[in-house]
Amino acid sequence: MTLEEKINADIKTAMLAKDSKKLDALRAIKSEILLLKSSEKGTSDDAEMKALMKMVKQRKETAEIYKTQDRPELEATELFQASVIESFLPKQMSQEELEATIKGIMTQVGASSMADMGKVMGVASKQLAGKAEGKAISDTVKKLLSGN
């Protein structure tokens, strides 16, 4: 079952359950997939996962803005939508798993200082795509290369 088929099935379920909050999030995902389909790139599993990760990141950033503006009802909506979208992503790595994987990559590319960050990030970004956020990867690489 493709991602689009899963989304459509969940949209039907949410409509029958009259769950408008979940329906909004699912329709946003469907809209993003349709935009991908109509773009020159087309859809692939990788492109869909990147789009979903981008959507989650946007919603979390927006929720943070609402939090600073003391708008808890809007913050809750954004966080709920982010959680619905995350349910379609592969399970994210824990910090310990991420560190172990990056240590392995550092050994593989022979990285030992901050000057090697580009080499490590290039391999890590490809290898960990969809399994960890880019910011988490970057922060972990910096921490490990700086020796903290």
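Placing pseudo-labels 7 Å out from each Cα toward the beta carbon at Glu61 and Lys143 gives an inter-label distance of 2.2 nm. Pairs exceeding a 18 Å alpha-carbon distance, out of Lys60/Lys142; Lys119/Lys143; Lys50/Lys143: Lys60/Lys142; Lys50/Lys143.
From Cα pairs below 8 angstrom and at least 6 apart in sequence, can you work out the relative contact order of the range 95-146, rounded to a whole percent? Write out the running numbers ahead of the final one.
Numbers: 37 pairs, mean separation 23.9, N = 52.
The normalised contact order for the range 95-146 reaches 46 percent.
Put simply, the convex hull of the Cα atoms in the range 95-146 casts, on average, a shadow of 2.9 nm². Every helix of 4 or more DSSP H residues in the chain counts as -39500 (n - 2.57), and over all residues that averages to -25000 deg cm²/dmol at 222 nm.
Per-residue 3J(HN,Hα) values for the range 51-67, derived from phi via the Karplus relation 6.51 cos²θ - 1.76 cosθ + 1.60 with θ = phi - 60°, read 5, 5, 5, 5, 4, 4, 4, 4, 5, 5, 5, 5, 4, 5, 4, 4, 5 Hz in sequence order (x marks Gly and Pro). Simple spin-label estimate for Ser125 and Glu99 gives 2.5 nm between the two label positions (7 Å along the Cα-to-Cβ direction from each Cα). The Stokes-Einstein estimate for the range 1-78, based on a Kirkwood radius over Cα pairs and taken at 4 °C with 1.567 mPa s viscosity, is a diffusion coefficient of 94 µm²/s. For the chain, the longest principal axis of the alpha carbon atoms and the long axis of helix 117-127 meet at an angle near 40°. Potential lengthening of the chain between Ala115 and Met15 amounts to 30.7 nm, from the contour at 0.36 nm per residue minus the alpha-carbon distance. Please report, to two decimal places, log10 I(q)/I(0) for the chain at q = 0.15 Å⁻¹ as given by the Debye formula with identical point scatterers on the Cα atoms and no solvent. Reported log10 I(q)/I(0), two decimals: -0.88. Charge tally for Val120 (other residues, Cβ to Cβ under 11 Å; Lys, Arg +1; Asp, Glu -1): +2.
Taking the Cα atoms of the range 57-126, the ratio Rg/Rh between the radius of gyration and the Kirkwood radius comes to 1.18. Pairs of Cα atoms nearer than 8 Å and 6+ residues apart set the relative contact order; for the chain it is 20 percent. Excluding Met93 itself, what net charge comes from residues whose Cβ is under 11 Å from its Cβ, given Lys and Arg +1 and Asp and Glu -1? Net charge around Met93: -2.
Every number here is computed from the coordinates shown, using simple stated rules; none is lab data. This is a predicted model, so every value here is computed, not measured. As a convention, Cβ positions derive from the backbone with ideal geometry for all residues, glycine included, and neighbour counts pool all protein chains shown.
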